[in-house]
Structures are given as C-alpha cells and as structure tokens.
C-alpha cells in the first residue's frame, strides 16, 4: 500500500469502498519547523465521476487497488458507449462517455497510444498520452504578415475541440496539443 507522498495523477485508490482516480495532487510544505507536508488530492469516482477531496500527511497509508494497464486503440462510439480494442489480444472494452468526458475531445478515430485501466477485466478509466497530434479542420486564414508572436486565433479540430493557436497556422496544419492542459504546444 502506498503512502500519500507516493500518490500521482492517474493513481487508483479505494476510499470507503468506492474506487477513485487521482486527478490533481497539491503539495503544501508549511514553513514552521516540525510541521508535516500536506498532500491535498482531488479524486474522481470511477465509474460515476463524482468529485472527492482528501488531505493527507506524507506518511498516511492509502488503500491501493490492483489494476491492469492495457494498451488500446479507439474503435468507435455507439450512443453513450465508447469502444476500445486491446492491442495484444484484440479483446474489446467499453466505457461510458460520462466517465471520460474530459478526455473525449482528444480522442480521434483509430487513435493508438491509449492505456485502459482495468479492474477485474472491466475498463474503469482511460489514460491519454501526454501529447496528441491533431489536424486543424477550420480556422480563419493565416495573415501574410503574421510572425511567431504571441497573437492567437481559434482553431477547430475534427473531434469538436476548439483552442487558441498562433495566427500563422492554417487549415490542414497538424499541431501537438498537451492533453493535461488542453493547450497548443507546437507544430507537428
């Protein structure tokens, strides 16, 4: 069982009989001598998505869950169910869209590099790669005099994601996007 100081984003734990995945971990180091470092963890219940916050001292023991991580690729969506296929044995896993609602704008058809988190053979969460490459499908035309300045414009992607990109980019350009912050990183 891990200590609170070992909890990272994406870690799955059990609290009061429910499964939770760590979304953010804030570390507070008090300036007083002898004071313990505090770890404020925001969890999201899986399945369900209900939010939960806990504050731990670094030596607190947390009940860990044995989960399996499997490399999957996105297949298709049917109503509210997204289906993924295991890259090794080709078995399929389904997950409700509400469980991974924040990640859906970063998932493209046939996308690889995804990790399914499984408990007892059931998919409970999805881990995205740190960055994804996506193609701009709609944006205002690039300005001829545009340089690599910090001016931005909105761009739309095939998944419905809309974010700010530098004004020199055009429709059809491929860009790297940070999946944690949802921000433009660079051209691909």
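Just so it is clear, none of the values below were taken in a lab; they were calculated from the coordinates. This is a predicted model, so every value here is computed, not measured. FYI the Cβ positions are ideal-geometry reconstructions off the backbone, even for glycines, and counts take in every protein chain you see.
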Could you compute how fast the stretch 4-57 diffuses translationally, taking Rh as the Kirkwood radius over C-alpha pairs and applying Stokes-Einstein at 25 °C with viscosity 0.890 mPa s? Give it in µm² per second.
210 µm²/s
Fewest-first ranking of 186, 5, 44, using other Cβ atoms within 10 Å as the exposure measure:
186, 5, 44
In whole Å, what are the Cα extents of the stretch 131-187 along the three principal axes, biggest one first?
31, 19, 14
In nm, to one decimal, how far is the residue 122 label point from the residue 63 one, both placed 7 Å along Cα→Cβ?
1.6 nm
Of the convex hull drawn through the C-alpha atoms of the stretch 32-138, the volume per residue in Å³ is 161 Å³
Could you work out the Rg to Rh ratio of the stretch 92-163, with Rh taken as the Kirkwood radius (inverse of the mean 1/r over all Cα pairs)?
1.11
Using only Cα atoms, locate the centre of the stretch 110-141 and the centre of the stretch 60-107, then give the distance between them in Å, rounded to an integer.
9 Å
Which order do peptides 114-120, 51-57 fall in by mean Cβ count within 10 Å, highest first?
114-120, 51-57
Provide the convex hull volume over Cα atoms per residue for the chain, in Å³.
144 Å³
Contour minus Cα-Cα distance for residue 75 and residue 186 (0.36 nm per residue)
37.3 nm
Please list the equivalent ellipsoid semi-axes of the stretch 68-127, computed as the square roots of five times the alpha-carbon gyration tensor eigenvalues, in descending order and whole angstrom.
16, 13, 11
